[in-house]
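The values are calculated or read from the model by the stated rules, or taken from the named source; none is laboratory data. Here the structure is a predicted model, which means the values were calculated and not measured. Note that we place each Cβ from the backbone using ideal geometry, even for glycine, and neighbour counts take in every protein chain shown. Each accessible area value is taken on the protein alone, full model and side chains, heavy atoms only, with ligands, DNA and RNA left out. Shrake-Rupley method; radii C 1.70, N 1.55, O 1.52, S 1.80 Å.
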Amino acid sequence: MNTEVKVMGIDAGGTMTDTFFVKANGEFVVGKAQSNPQDESLAIYNSSQDALAHWNSNVDEVYPQLVTCVYSGTAMLNRVVQRKGLEVGLICNKGFEQMHAMGRALQCYLGYALEERLHLNTHKYDDPLVPLSRIRGVTERTDVQGDVVIPVREQEVRQVTKELIEQNAKAIVICLLQSHKNPESERKVRDIAKDELKRLGKADIPVFASVDYYPSRKESHRMNTTILEAYAAEPSRQTLQKVSDRFKKHGAKFDLRVMATHGGTISWKAKELARTIVSGPVGGVIGSKLLGEVLGYDNIACSDIGGTSFDMALIVKGNFSIAQDPDMARLVLSLPLVAMDSVGAGAGSFVRLDPHSGAIKLGPDSAGYRVGTCWKDSGLDTVSVSDCHVVLGYLNPNNFLGGLITLDVERARQHIKAQIADPLGLSVEDAAAGVIELLDLELHEYLRSNVSAKGYSPSDFVCFSYGGAGPVHTYGYTEGLGFKDVIVPAWAAGFSAFGCACADFEYRYDKSVDIALAQYASVEEKVQACKTIQEAWEELTHKVIEEFELNGFSAKDVILKPGYRMQYMGQLNDLEISSPVLSAKDAKDWDKIVEEYEKYYARVYSESACSPELGFSITGVIMRGYVVTQKPVIPEEKEYGKTPDASAKIGTRKFYRHKEWADADVWSMEKLKPGNEVFGPAIVESDSTTFIVPKGFATTLDKHRLFHLRETK
Ligand code: AMP
């Protein structure tokens, strides 16, 4: 192995832990291991060894060469979902103590299927992250203009801090009304609380003031996000410390970075770690964007299926959109998140019969890293989608994770028979095929409706399909949709990890502002608006630079990209705009800011929808800063003929679909060469993913090692 390995990406998912290594010349390998919720660092180690074995190498040789390593994972999200975070104490305004538990009304149906959203009796609130016993109100009020009308009372803050400690709080969160408008009161409470903690000998208890982290309007969102920072991000930091320590043990010199919700990567030591709550699926979107840029695809429908979920996002005209107030784990949050739609149906989803209707139901829970009943040591007795895969010949029971786990087809058959086939009066094959068809149909409809609900047609998009189970179902959820092209990267199984390695090292900070100007505003008004924007940009720049300095960069290494959120006055939705000016001073700058917004608005909603007569509001400002890092290079190989080498064929396998068994050709994914064409029924296998090409489909591998799937009927 002569060329040095430079970049590593990690996707520690609920089912598998994927690693992706890239050499300086762009060559790469993918590794997979079963996830290990107890010790993520071990799963990463195993996955790395699996990947590097392809190069006859190992972690002790490669880790010291790496310059970049980006982590993504689901541990933080799981911690929140399972309510296994830190015991947090909350200080809020007096009279608002119940606010966190009540939440926003939509939190009681977030994440539900449509039929369950419709009926009140299915709505339910999750347990709050902080129980009422650890919430205290203090007398204070700042009005909507940001004027303090009732100042903070020191003695009261000291008293509630003491009470929260008595209630066993391990961290204190402060969130007061309107603090994004005027941080004065909240900072005062923060300083008094810190002082009181010192007096109590508890100075090690961290204090989180919402305004220092997420200074944005909508207090439920701001409160939830700041609580998350204390509740889940701090424990996750310990997990990342462990991962980082294991790297160091094997000679690594890089500083571990984590994929963040805004699509950039941040250091694991970053102040705001809550913004890494979802990272794997974000990685996939970033990878798709880079791949699209290299190949010249502007409009991409990204689809990612793993063991637990199906995530999709749209890249339109080379850009993905950012949701400002997303929800996650059924909580409304104020974090910038790459806009994605997810459904809890994946290759490991549990399959059950609805006791009332007898209908097959998939998920929302899944077997996770335990695969299904087909794995003897799983301890599971509920059928999963993977059980159906093995019974129908989709998956090779001897090649799961390259044979690391042997799957027992007969065991899966017995469970499917007892739980699904017999109660429905079907054969095991037809019951299992019904499950697969149902999953295909659910994903197909989900993808179709998400594209068309945004006003687009699949015929304007190329579909990228990835995730370990993406290629297993690509045919099923894209059939008949009419995408321009359907693409399965040969490294689909490690695509999110690849995407993480593609992401910029980027910090992003957001702040709410309230600027409203009429169409023909005076020069003075425009200058005043620019002053507000500029002050906010400077405040955020300071935060960005501070984070980079923490990681050993100096201000001059950082490339700054200011942005803003703008809307026509009175409209409900704002748009995120990359600023055409680096600083805002005079009326001309304001005009450019407006012009850029209208240009973008016309692109999104059409020119005729532009409504300058309403006036303009800027609702938030953004500062992004990034430094240049090493990124993967997309492979470019020599093209061969259409007919694969005989050595690429590794046998045939019985494969069941549409009520018949067929003999499918089985091909080795690694041995197929660019230019080769494969006709269905065929199965293209690698150690970590399986690409199904049924009858009526064909696929060609191109020089970038991307499979193009087409219908031949
Ligand atoms: P992911 O969560 O993205 O790692 O995807 C995991 C899923 O990949 C599994 O649940 C399987 O359905 C699918 N898969 C397909 N082929 C393989 C294979 N050879 N080894 C492991 N997983 C596979």
Check: By how many nm would the segment from Asp204 to Glu116 lengthen if fully extended, with 0.36 nm per residue of separation less the alpha-carbon distance?
Finding: 27.2 nm
Next item on the list: Starting from the alpha-carbon convex hull of the range 602-713, give the projected area averaged over all orientations, in nm².
Entry: 14.4
Notebook entry, point to check: Size of the dipole of the chain about the Cα centre, Lys and Arg at +1 and Asp and Glu at -1 on the beta carbon, nothing else charged, in debye to 20?
Noted result: 880
Next item on the list: Please report, as a whole percent, how much of the solvent-accessible surface of the range 620-713 comes from carbon and sulfur atoms (probe radius 1.4 Å).
Entry: 51
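On the accessible surface of the range 348-392, probed at 1.4 Å, how many percent belong to carbon and sulfur atoms?
Carbon-and-sulfur percentage of accessible area, whole number: 49.
Would you mind putting 635-642, 12-19 in packing order, based on average other-beta-carbon counts within 10 Å, highest first?
Final packing ranking: 12-19, 635-642.
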Margin query: Given axes a ≥ b ≥ c from the Cα gyration tensor, I'd like to know whether the range 534-660 is rounded (a/c under 1.5), prolate (a/b larger than b/c) or oblate.
Written below: oblate
Notebook entry, point to check: Which percent of Cα pairs goes in each bin when the distances of the range 236-317 are cut into 10 angstrom slices starting at zero?
Noted result: 17, 37, 31, 15, 1
Notebook entry, point to check: Given 0.36 nm per residue, what is the gain on full extension from Gln167 to Asp365 after removing their alpha carbon distance, in nm?
Noted result: 67.9 nm
Next item on the list: Express in % the proportion of alpha carbon pairs of the range 48-192 at distances exceeding 27 Å.
Entry: 48
Check: Among Lys511/Lys588; Lys649/Lys695; Lys32/Lys673; Lys511/Lys631; Lys659/Lys695, which pairs are too far apart, with a Cα-Cα distance over 19 Å?
Finding: Lys511/Lys588; Lys32/Lys673; Lys511/Lys631
Check: Measuring with a 1.4 Å probe in the full set of protein chains, what accessible area per residue, in whole Å², belongs to the range 90-165?
Finding: 57
Notebook entry, point to check: What is the ratio of the Cα radius of gyration of the range 484-534 to 2.2 N^0.38 Å, where N is its residue count, to two decimals?
Noted result: 2.23
Next item on the list: Measure of size requested: the Rg and Dmax of the range 588-644, with Cα atoms as the atom set and Å as the unit; please supply both.
Entry: 21.9, 63
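Counting heavy atoms of the protein chains only and a 1.4 Å probe, report the per residue accessible area for the range 464-530 as a whole number of Å².
With all protein chains present, the range 464-530 gives 26 Å² per residue.
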Note to self: With every atom except the alpha carbons ignored, what do you get for Rg and Dmax of the range 282-397, in angstroms?
What the structure shows: 17.6, 51
Item checked: Calculated P(r) of the range 405-470 - Cα pairs past 21 Å, % -> 47
Next item on the list: Calculate the length of the line joining the C-alpha centroid of the range 304-333 to that of the range 377-407, in whole Å.
Entry: 29
Check: Of Ala421, Phe400, Ser457, whose Cα points farthest to the positive end of the dipole of the range 391-479 (charges on the beta-carbon: +1 Lys, Arg; -1 Asp, Glu; origin at the Cα centre)?
Finding: Phe400
Notebook entry, point to check: Can you pull the semi-axes for the range 23-124, root of five times each eigenvalue of the Cα gyration tensor, sorted largest first, whole Å?
Noted result: 44, 19, 13
Next item on the list: Using only Cα atoms, figure out Rg for the range 458-582 and give it as a multiple of 2.2 N^0.38 Å.
Entry: 1.56
Checklist line | Apportionment of accessible area to carbon and sulfur, the range 417-496, percent (1.4 Å) | finding: 54
Check: Sorted by mean Cβ packing within 10 Å, highest first, what order do the peptides 485-492, 653-660 take?
Finding: 485-492, 653-660
Checklist line | Contour minus Cα-Cα distance for Asn319 and Ala105 (0.36 nm per residue) | finding: 73.9 nm
Note to self: Report the Cα-based extents of the chain along its three principal axes, largest first, to the nearest Å.
What the structure shows: 78, 56, 55
Item checked: Pairs beyond 30 Å (Cα-Cα), from Lys188/Lys248; Lys162/Lys271; Lys181/Lys269 -> Lys188/Lys248
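Give the peptides 253-262, 48-57, 430-439 in descending order of average Cβ contacts within 10 Å, highest first.
Ranked by mean Cβ neighbours within 10 Å, highest first: 253-262, 430-439, 48-57.
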